[in-house]
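Worksheet: one structure, shown below.
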């Protein structure tokens, strides 16, 4: 191994969106994370230090955007200006000061009653979404010809919408009723300024003109003939402006990169000057290729010894090369577990967590192969941004487990280098779950799998990664705003 002065210390940070949950009777009052077979996550917990983390503060249910800001060290009460800018920038729309943007859904509207019958026209909208976005992009507002409207497809039923022009305010409400079978709302000013009132008027005309274009689009006629929900309205919510914040590298002294096909998270990263890496096949939904994400992060953390993945640039057709010297902090975002919570897909959340565990094993192998050269020292950190209990189908306020360890201790905890190097790097899809399928009562490791941890290997007394075990960890319970400080302190103490 190289000398400590020559060795670069770098962090693989895995954020499992919607990770936390509550005990479920059908699992013997275990949480999905307790019920899942996750030997790699257990080994990280066994090899390192653990705690329970409230993403923002105790008792506060939060969105992914505010939670991510908090975890990365940016107080959302100071820096949060609506999620629309994050979604739109992540979708590829460049934003300038004064522009406003919305996190938007293609939805189904009953034109006679004005009721939104389905806030998601179709979760699988990958073919139709770009076509409809193209029809809406650069549309004109009859009463406000001086404004430019940009629309770009994001993922699933989502798109980003940006409005450019004079006298715009981000301090307005949206048109999304937030639940099915409620009236489509009108945007309203949230303060007593002329700019906010004017912006609400512009946005309400935008909503109406979008529906006119969608209603007459032949794609919707085809969907109607096929008995599918039509996408005849775009729900505009989370009006926001681009935030101005200290760049992540200046704040923490670590060069950051991110793999985040989920557009709102990618846009948030761009707002913090975090490079967004390309990972082929990573989609930000149930179809995502976790192996591709792990490979992209491993390459980014190993540069300059390997070629770094290219970096996404909003508003440009070309991608730029990644940082020549590589990155110190690789952020791997995984969305599918949160989707399982929202969809109340109890069995899939368990199986999805097992797939995430498999991908973390692949990441560990890739990093260990690089660390063995003597140029790098790696750390693996895993946590969530909030709880999305499958019993609730929405975000909740329960804390999430947090764990961090040195890679070399993880290798020892799973049984040594030979075990790690046996890990297959073949890509694999997320599991499918048939209707009515349940888990086996005895959730045992497959033959040849890693041994389940039965005692702590090093660090604190925790040897499992779940909400209950983490409460025994040496870090105790802490707010998300302290997370980056904990990570940096762990790196320093491990030098």
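The values are calculated or read from the model by the stated rules, or taken from the named source; none is laboratory data. Predicted model only: the values in this text are computed from it and were never measured. As a convention, Cβ positions derive from the backbone with ideal geometry for all residues, glycine included, and neighbour counts pool all protein chains shown.
Data for the structure
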read-out	value
One residue from 251, 212 being in a helix (DSSP H, G or I), in the same structural domain as residue 323 (by TED's automatic domain parsing) and either surrounded by fewer than 17 Cβ atoms within 10 Å (Cβ to Cβ) or without any contact (Cβ under 8 Å) to a residue 12 or more places away in the chain (or both)	251
Flag for residue 263 being in the same structural domain as residue 69 (by TED's automatic domain parsing) and farther than 25 Å from residue 376 by Cβ	yes
Exclusive hit being assigned by TED's automatic domain parsing to the domain that holds residue 312, over 19 Å from residue 171 (Cα atoms), in contact with a helix residue (DSSP H, G or I) (Cβ under 8 Å, 6 or more places away or on another chain) and touching a residue at least 60 places away in the same chain (Cβ under 8 Å), set 109, 71	71
Residue in region 408-426 that is crowded, with 17+ Cβ neighbours inside 10 Å and under 28 Å from residue 270 (Cβ atoms) present	no
Identity of the residue in region 130-150, under 30 Å from residue 273 (Cβ atoms) and free of Cβ contacts under 8 Å to residues at least 40 places away in the same chain, that ends up surrounded by the most Cβ atoms within 10 Å (Cβ to Cβ)	133
Residues located in region 53-71, provided they are in a loop (DSSP other than H, G, I, E, B) and on the phi < 0 side of the Ramachandran plot	55, 56, 57, 58, 60, 61, 62, 63
Count of residues meeting criterion [assigned to a loop (DSSP other than H, G, I, E, B) and more than 30 Å from the chain's Cα centre (by Cα)] in region 166-209	5
Enumeration of residues in region 215-248 that are surrounded by fewer than 18 Cβ atoms within 10 Å (Cβ to Cβ) and assigned to a helix (DSSP H, G or I)	215, 218, 219, 221, 222, 224, 225
Residue within region 266-275 that is in a strand (DSSP E or B) and in the same structural domain as residue 76 (by TED's automatic domain parsing) present	yes
Residue 44 being closer than 23 Å to residue 196 by Cα and touching a residue at least 60 places away in the same chain (Cβ under 8 Å)	no
Some residue of region 289-303 being on the phi < 0 side of the Ramachandran plot, at pLDDT 90 or above and part of a loop (DSSP other than H, G, I, E, B)	yes
